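The values are calculated or read from the model by the stated rules, or taken from the named source; none is laboratory data. All of these numbers come straight from a predicted model, not from anything done at the bench. With ideal geometry, Cβ positions are generated from the backbone for all residues, glycine too; neighbour counts draw on all protein chains shown.
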């Protein structure tokens with residue numbers, strides 16, 4: 001059974017919000033989602049959140065890819081992700097490399113600004 005949103009850890013809630021913030025027609029990486037959630041080494045936690053909570057929280061899982069621009073899922077999910085990305089006008093090769101620019105939450109102009117706050 002999936003926990004209620006209020007019962008989730010703050011880090012998990014921050015990951016969910018960061019994933020939901022990736023707009024239609026854009027992609028972001030597991031790493032950048034983790035950084036936005038305040039987890040500098042949390043890419044695997046992002047993967048676990050997507051795997052376990054995408055359906056329950058209606059997360060746009062297909063918009064999250066590897067930092068190197070490739071889709072990290074095996075078949076048949078990889079083909080489905082390519083299809084969903086292309087439906088949003090995102091350029092993707094048949095091999096699963098995204099050619100569209102990433103939505104990055106961290107850059108020289110936009111320093112780390114995590115969604116979770118210190119207590």
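Summary of computed values
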| item | result |
| --- | --- |
| Flag for residue 42 being surrounded by fewer than 18 Cβ atoms within 10 Å (Cβ to Cβ) and within 12 Å of the chain's Cα centre (by Cα) | no |
| Any hit, segment 65-75, residues being without any contact (Cβ under 8 Å) to a residue 40 or more places away in the chain and under 21 Å from residue 8 (Cα atoms) | no |
| Hey, residue 39 in a loop (DSSP other than H, G, I, E, B) and in contact with a helix residue (DSSP H, G or I) (Cβ under 9 Å, 6 or more places away or on another chain) or not | yes |
| Search result, residues across segment 9-27 that are over 22 Å from residue 92 (Cβ atoms) and not in a helix (DSSP H, G or I) | 9 |
| Search result, residues across segment 90-119 that are more than 15 Å from residue 28 (Cα to Cα) and either at pLDDT 75 or above or under 15 Å from the mean Cα position of the chain (by Cα) (or both) | 93, 94, 95, 114, 115 |
